[in-house]
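Data first, discussion second: the structure below is written as structure tokens.
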Amino acid sequence: MNSTHRPEGPPAPPCGHLRRALGRERNPLGRTLDLSRSRAVVLTALGVVLAGLLGAGAFAVRLTVEQQRTAVATAVLHHVEALVEGSVRKAESTVLGGRTVYRADATWNFPTDRSNTGVIDVPRKTEPGATIGIWVDRNGRPAATPPSTADLVADAVCLGLFFFGLLSALAAAGLFARLSVLDRRADRAWTRSWARLEPVWSGRAPRGSHHD
């Protein structure tokens with residue numbers, strides 16, 4: 001046995017940490033450091049719960065805002081059928097991060113009495129003469145496809161998980177820092193106690209030099 005190692009008991013269960021943090025644990029061997037550890041664990045657990053609530057709130061707000069924005073944008077768009085007239089060709093899309101897309105010449109009617117011609121995005125194996133549903137603005141120009149409900153939900157979930165993960169990581173880092181401080185404090189206290197008691201325990205101290 002030496003001064004660099006101190007006895008460690010089994011870790012307290014979650015309910016044990018809660019009872020200790022609330023001052024309801026009846027343990028005559030309990031130390032102030034144990035109380036501080038339990039309070040740090042309980043506060044971190046509360047922080048993770050709060051992170052979950054904030055993440056859920058971020059999800060709900062983002063989904064609501066994006067749904068309203070999509071509804072406003074879709075209200076001025078129109079879905080029409082376009083007739084593909086040319087062969088499909090590959091192109092690089094800067095909007096989609098350089099992903100390969102396929103386009104073809106097509107015609108569509110909008111308003112009903114006016115024919116429009118342009119290039120639209122199509123599936124890879126689209127044949128000339130096929131019809132493709134597209135979105136156009138009030139002037140008949142092609143517009144971006146409004147995001148689906150699944151896309152909006154996925155985006156909101158990502159945001160909620162980001163907030164939850166970030167705040168939980170901060171809570172965990174705070175707990176780690178607090179426990180490190182408490183461990184160093186416990187080590188110093190154990191070292192002082194061992195320096196005082198080891199000579200008596202080992203018999204090296206002169207008889208009569210230790211007083212209870």
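Some points to look at:
- Residue satisfying condition, being surrounded by fewer than 17 Cβ atoms within 10 Å (Cβ to Cβ) and aliphatic (A, V, I, L, M), within set 80, 65, 136: 65
- Any hit, the range 55-76, residues being over 35 Å from the mean Cα position of the chain (by Cα) and of a type in the set (A, V, I, L, M, F, W, C): no
- Scanning the range 112-130 for residues that are out of contact with any Phe, Trp or Tyr (no Cβ under 9 Å at 6 or more places or on another chain) and of a type outside the set (Lys, Arg) gives 112, 113, 119, 127, 128, 129, 130.
- Single residue of the range 77-102 satisfying the filter (more than 37 Å from the chain's Cα centre (by Cα) and not acidic (Asp, Glu)) that is modelled with the lowest pLDDT: 86
- Close pairs (7 angstrom Cβ cut-off, 6 or more residues apart or separate chains): on the phi < 0 side of the Ramachandran plot in the range 174-187, not small (Gly, Ala, Ser) and not in a helix (DSSP H, G or I) anywhere: 186/6; 187/6
The values are calculated or read from the model by the stated rules, or taken from the named source; none is laboratory data. None of the values given here were measured: they were computed from a predicted structure. As a convention, Cβ positions derive from the backbone with ideal geometry for all residues, glycine included, and neighbour counts pool all protein chains shown.
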